[in-house]
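Take a look at the structure below.
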Amino acid sequence: MSCKKKTIIYKTQFSNKKKSKKAYGSNTNTNTNTNTNVSYKTKTKTKTKTSTKKTNSNKSTVKSIVDLKGYKEQRDFLDDEDYISINPLTSNPRRGMTGPHYFATIYASFFNTSDGNNLTKKEVIEYRKELIEMYPNANLVLDILKYNGVDQKEEGACSFVGFLNLIIISGNKIILTPKNIHNSWKKFWKSFGIEAASDIGEVLDKILQSKLIKETYDLKKMITYIPIRSEKNREMSFNKQFYVNGETDIDKLIQKYNTTKEVYEQVSWIYQNANLIESIIDSHRPVLINALEHTRTCVGYNDDYLLFADNWTKTYEQDSDNGTDDYFKGGFSIIKKWAIYSWMRDIVYFN
């Protein structure tokens, strides 16, 4: 699926709908739970006998994720048979047991193109001032009034353009070889030979093979890339290296997000993802997130929404109708944060 504006048929397990979609796209997989009857009973039979061995192997295997050379390779490793044999696939959550936060089915970021509006410079400034009041933590990450990101237009390049905007927001524009990346980004994108990237990892590999970054800078040492969930196996193989562990820490997480232990056990990843992203924002760092067929830079959050510095022109406004309140205006987008936390695929941020 590309980031281009067009009308498509988006299929899920439960229904088919025809909707209009603005410039979203990363992975062609759908964000829908499938195979709800999958059982892992065969795994639990030997759990008692091999628990110590599995714990040790798990540490070794998870560590090897970051030791892999390619970023795409790191996410692909979540689908590796050896990895899954030690870290069994997560079962689909039981219906009625997921609490108020989990988003079970989402039509990946469809927009009503008929609802789009052009904005004046005055309207952009007024809206951005509203964002500062709504997301005070975001203005510690970037200057909201001055943000001028690269516009991906109708190209399917959201992961690439999103990373360029991450570079700009992080104050690392000096590492880029072109002096004006706003005008020259398409040349690099076309050299990658792809219409859309499956995830951030694939784009990072392409960047490292290109001449986008000055030779005097080691990009690998400057960034942290984290694959969140697998591309295959129902997207239910998770990287748990960044998870907080221990009964006390998990209890704190449950209390922090006002949930219950029963709900946490069904959809633990959404609370771990929330803790990861919000911890990064609290450290005043932006983070590029791939979720719901789009990649964009998260710069703030509140109790209900995430704020993104997005990849389109600031003089435009557009609403969505996918149940997530996904709304773009003045160069920024907001969306219900639990929709993102439910379906994050991979992230990257500058150290």
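Throughout, read-outs are computed from the coordinates displayed, never taken from laboratory work. Everything quoted here is computed from the prediction, not taken from an experiment. No Cβ is skipped: glycine too gets one built from the backbone with ideal geometry, and neighbour counts run over all protein chains shown.
Quick rundown of the values:
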item	result
Nitroxide proxy distance, nm - points 7 Å out along Cα→Cβ at residue 303 and residue 219	4.1 nm
Cβ-Cβ FRET estimate between residue 97 and residue 321, R0 fixed at 30 Å, reported to 0.05	0.60
Set 122/337; 153/232; 121/146; 153/314; 186/211 screened for pairs whose C-alpha atoms are more than 20 Å apart	122/337; 153/232
For region 303-351: rounded, prolate or oblate by the Cα gyration tensor [a/c cutoff 1.5]	oblate
Difference of contour (0.36 nm per residue) and Cα-Cα distance, residue 73 to residue 209	47.5 nm
Virtual spin-label span in nm between residue 184 and residue 251, 7 Å along Cα→Cβ	5.7 nm
FRET efficiency, 1/(1 + (r/R0)^6) with R0 56 Å, evaluated for residue 351 and residue 262 via beta carbons	0.95
